[in-house]
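The values are calculated or read from the model by the stated rules, or taken from the named source; none is laboratory data. The shown structure was predicted, so the numbers you read here are calculated from the model rather than taken from an experiment. Positions of Cβ are backbone-derived with ideal geometry, glycine not excepted, and every protein chain shown enters the neighbour counts.
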Amino acid sequence: MRKAEADREIKPPSIQQAITLGKQKHAALATPAVRHLTKELNLNIEEIPGTGKDGRVLKEDVQRYASARTDSAPAAPSPTPTLVEPLGEDRTMALTSVQNQMFKAMTRSLQIPHFLYTDSIDFTELNRVRRGLNTHHSSPPGNSYHHHHHQVKLSVLPFILKAVSLALTAFPSLNAHLDTESDPQKPKLTHKAAHNIGVAIDTPQGLLVPVVRNVQSHSILSLATELQRLSALARANQLSTSDFNGATFTVSNIGSLGGGVVAPVVVSPQVAILGVGRSKAVPAFDEKGQVVRREEAMFSWSADHRVVDGATMARFAESVKRYLEQVESMMVRLR
């Protein structure tokens, strides 16, 4: 054997080789339970210093090494916080005067057994007449109509109030107060002579219901003027207590805010209420079967079923419908 080969065969292991051999030796000496534990903890057994006989790695060595590595490991970065608007704090407050009145009125009213009747109203002719009157309304200042009513623009609401009033003349039991408190055993229904119609108005303070008095004596134009006056006072929070008293019927023009069919609540001691839905354009068939454009709104009637039957409510609603759909014939009856 040549000298170079002999030297290579008997050359002692390097320091790194010795360390590696030592690690492999004490790893090989570890019991199966210890090797299983290192796998569970995802540890390399050759890196764990053994304190057992001949450098054997014991269970305690594994646990000590795992604990030391956990303590020295850098902290995991905190997750990026999700930006959430602060919720603030809950607030408890007393009801406003408007809410308090509504609380009392609705508590009484929801003891009434209601029934609901709905029907669609064709506003096409009414809007044609109304727009024509508003165009005339815009005539030169020398015109007497313009001089006396220059700030009034006719909406559908004055027409609705007048149609309801004309129909109430034929159905006085719907323009009535029901008294169940004076003698609960003998309730009384009083037909009211005046048509005092409450009109729901949306204001910054909430929904207010001032009363248009003696609607039976008003013209369409004077009703529009009175509605404008009450609306201005309501939005300025300047209505007096007397402006809310004595309603014999109520109209809620909820369509000015949106919605179609509603379920209005009768306001005691009244016995009926009307909810007017939003007017919208719809396709319809004329007398020749041709598709035409109509302007339609849903009317929702609620009544106190203790004193108003469904047939009476339906006939009354049909009367109002005829007046509004044949508006020129209605205007002939005005005084």
Unmet criterion (only one of (1) assigned to a loop (DSSP other than H, G, I, E, B); (2) in contact with a His (Cβ under 8 Å, 6 or more places away or on another chain)) for Thr225: (1)
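Quick grid of which residues meet (1) charged (D, E, K, R); (2) buried (at least 16 other Cβ atoms within 10 Å of the Cβ):
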site: Gly277; (1), (2): no, yes
site: Val282; (1), (2): no, no
site: Arg293; (1), (2): yes, no
site: Met298; (1), (2): no, yes
site: Ala303; (1), (2): no, yes
site: Gly310; (1), (2): no, no
site: Ser319; (1), (2): no, yes
site: Leu324; (1), (2): no, yes
Collect the residues in the range 235-255 that are buried (at least 17 other Cβ atoms within 10 Å of the Cβ) and within 27 Å of Ser319 (Cβ to Cβ), keeping them in residue-number order. Ala247, Thr248, Phe249, Thr250, Val251, Ser252, Asn253, Ile254, Gly255
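In the range 288-300, how many residues are assigned to a strand (DSSP E or B) and more than 14 Å from Gly260 (Cβ to Cβ)? Walk me through it before giving the result.
Just the residues of the range 288-300 that are assigned to a strand (DSSP E or B), to begin with: 291-300.
Checking the rest, the ones that are also more than 14 Å from Gly260 (Cβ to Cβ) come to 291-294.
The total comes to 4.
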Which listed residue, of Ala284, Ala263, Ala314, Ala303, is among the small types (Gly, Ala, Ser), in the same structural domain as Ala105 (by TED's automatic domain parsing), in contact with a strand residue (DSSP E or B) (Cβ under 9 Å, 6 or more places away or on another chain) and in a loop (DSSP other than H, G, I, E, B): Ala263
Only residues in the range 89-116 that are hydroxyl-bearing (Ser, Thr, Tyr) count as the first member; pair them with residues that are surrounded by 12 or more Cβ atoms within 10 Å (Cβ to Cβ) and outside any helix (DSSP H, G or I), Cβ under 6 angstrom, at least 6 apart or cross-chain, and list the lot. Ser109/Val265; Ser109/Val266; Ser109/Val267; Ser109/Ser268
Tell me which of these His195 doesn't satisfy, since it passes every other one: (1) in a helix (DSSP H, G or I); (2) surrounded by 21 or more Cβ atoms within 10 Å (Cβ to Cβ); (3) in contact (Cβ under 8 Å) with a residue 40 or more places away in the chain. (1)
Please pick out the residue among Phe115, Phe171, Phe159, Phe123 that is modelled with pLDDT of 80 or more, in contact with a Gly (Cβ under 9 Å, 6 or more places away or on another chain) and not charged (D, E, K, R). Phe115
